[in-house]
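K.L.:
Supplied in structure tokens, the structure appears directly below.
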Amino acid sequence: MSTESRTSDSAVPPHAESVVAQDVGARKRVELGLSPRRPTAKALPQRPPRQNDFPAPPAALPALLSMIVLATVFLVLANMWDLFPSWWHAPRIVADSVRSVTSSVTTPIADPVQIAGYRLLLADDFSKAETSFSVGDQPGQWRIEHQPTNSTYRMEVWPNRIVWSLLGVEDPSAHRVQASAIVATHTPWGYAGVVDRYVDAGNFYLFLVDGEGRFAVQMQKDGELATLQPWTRANFLNLAGSTNTLTVDDDGRTLRFYGNGMLLFEGLAGIDAGGVGLVGGAQDAGAAEIRFDWLQLYDLALDARN
């Protein structure tokens with residue numbers, strides 16, 4: 001029986017002849033009178049699918065990884081050396097703006113009627129045409145402006161200078177004074193603060209916060225300056241461009257100084273009672289810009305003084 005006649009009786013297609021001729025097992029089945037392949041067998045051998053195929057040449061993957069590494073190194077070095085064009089910094093500026101808004105949210109203006117034991121004496125958010133604080137200009141030393149359209153009380157202070165403006169309330173008794181202050185982003189060497197117990201130019205307290213997240217407490221007594229707390233960094237104080245809420249509590253015996261609601265320093269009063277106000281200054285790096293958004297003065301109620 002020829003191979004052709006045997007295959008004609010089977011379901012194997014014509015091209016299977018070449019396959020049968022090369023398959024020893026199929027040849028033996030034919031010699032026994034059987035079809036060269038089982039009815040369920042595939043006409044053509046099947047290969048398992050390849051799992052490691054990559055749609056690019058073998059050298060493409062190392063080249064891609066090298067490009068990613070080089071791009072990362074370039075971005076790091078360019079950022080360190082400030083080689084990017086001005087538009088590149090836009091995301092960073094937006095991030096600073098978001099951080100400023102967040103800081104404002106976490107240190108809101110206290111509701112005057114919600115402070116237990118205190119009553120509001122005076123509040124100024126600088127949005128009105130008039131303010132209780134002074135304005136003026138001393139060429140080469142300082143400039144103070146009231147900007148009601150921006151609800152801002154602004155100080156510009158030359159290097160190694162300090163200026164303050166007193167509230168028009170003389171010698172408040174036991175009290176709390178608090179203010180919202182911002183050192184401008186471009187002048188982190190500037191500092192803002194609150195002046196308390198101001199008797200005269202030789203007797204007062206200063207509570208200061210700079211643009212680097214540091215604070216200091218000083219006392220001027222009989223013309224002699226005493227540093228009660230040197231410049232110290234505090235993690236919860238915001239940097240230049242963001243808001244800090246500064247508070248001084250004076251119960252008539254002890255002064256307590258707070259930054260964003262956290263106690264920073266306290267001590268017994270060392271000078272007589274006096275006025276309160278706002279202060280701004282600059283270190284020797286250059287002129288500084290300081291802004292205040294609001295100030296509130298509370299009187300400590302009689303039943304809370306004991």
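The values are calculated or read from the model by the stated rules, or taken from the named source; none is laboratory data. Nothing here was measured: the structure is a model prediction, and the numbers come from that model. Don't worry about glycine lacking a Cβ; one is built from the backbone with ideal geometry, like all the others, and counts go over all protein chains shown.
K.L.:
Of the residues that make up region 222-232, is at least one of a type outside the set (Ser, Thr, Tyr), in the same structural domain as Val177 (by TED's automatic domain parsing) and closer than 28 Å to Pro148 by Cβ?
P.N.:
no
K.L.:
Would you check which residues across region 165-183 are farther than 13 Å from Asp293 by Cβ and in contact (Cβ under 8 Å) with a residue 40 or more places away in the chain and list them?
P.N.:
The answer is Ser165, Leu166, Leu167, Val169, Glu170, Asp171, Pro172, Ser173, Ala174, His175, Arg176, Val177.
K.L.:
State whether the residues of region 276-284 include one that is surrounded by 23 or more Cβ atoms within 10 Å (Cβ to Cβ), farther than 20 Å from Gln141 by Cα and touching a strand residue (DSSP E or B) at 6+ places or on another chain (Cβ under 8 Å). Show your work before the answer.
P.N.:
Going through region 276-284, the residues surrounded by 23 or more Cβ atoms within 10 Å (Cβ to Cβ) turn out to be 276-282.
Now narrow it down to the ones that are farther than 20 Å from Gln141 by Cα: 276.
Among the residues that remain, those that are also touching a strand residue (DSSP E or B) at 6+ places or on another chain (Cβ under 8 Å) are: 276.
Scanning region 276-284 turns up at least one residue that is surrounded by 23 or more Cβ atoms within 10 Å (Cβ to Cβ), farther than 20 Å from Gln141 by Cα and touching a strand residue (DSSP E or B) at 6+ places or on another chain (Cβ under 8 Å).
Matching residues to (1) among the aromatic types (Phe, Trp, Tyr); (2) under 27 Å from Val199 (Cβ atoms):
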| residue | (1), (2) |
| --- | --- |
| Pro230 | no, yes |
| Phe236 | yes, no |
| Leu239 | no, no |
| Ser242 | no, no |
| Asp250 | no, yes |
| Val276 | no, yes |
| Val279 | no, yes |
| Phe292 | yes, yes |
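K.L.:
For Asp124, only one of the following conditions fails: (1) modelled with pLDDT under 95; (2) surrounded by fewer than 19 Cβ atoms within 10 Å (Cβ to Cβ); (3) of a type in the set (D, E, K, R). What is its number?
P.N.:
The failed condition is (2).
K.L.:
Being of a type in the set (A, V, I, L, M) and either part of a strand (DSSP E or B) or at pLDDT 80 or above (or both) narrows it down to one residue among Ala129, Ala116; which is it?
P.N.:
Ala129 is the lone residue from the list that is of a type in the set (A, V, I, L, M) and either part of a strand (DSSP E or B) or at pLDDT 80 or above (or both).
K.L.:
Can you tell me how many residues within region 127-161 are surrounded by fewer than 16 Cβ atoms within 10 Å (Cβ to Cβ) and not polar (S, T, N, Q)?
P.N.:
Count: 11.
K.L.:
Can you tell me how many residues in region 211-226 are more than 15 Å from Leu263 (Cα to Cα) and either in contact with a Gly (Cβ under 7 Å, 6 or more places away or on another chain) or polar (S, T, N, Q) (or both)?
P.N.:
Result for region 211-226: 7.
K.L.:
Another question, then. Just for region 246-265: of the residues that are in contact with a Leu (Cβ under 9 Å, 6 or more places away or on another chain) and surrounded by fewer than 14 Cβ atoms within 10 Å (Cβ to Cβ), which one is farthest from Phe204 (Cα to Cα)?
P.N.:
Ranking the candidates gives Met262 first.
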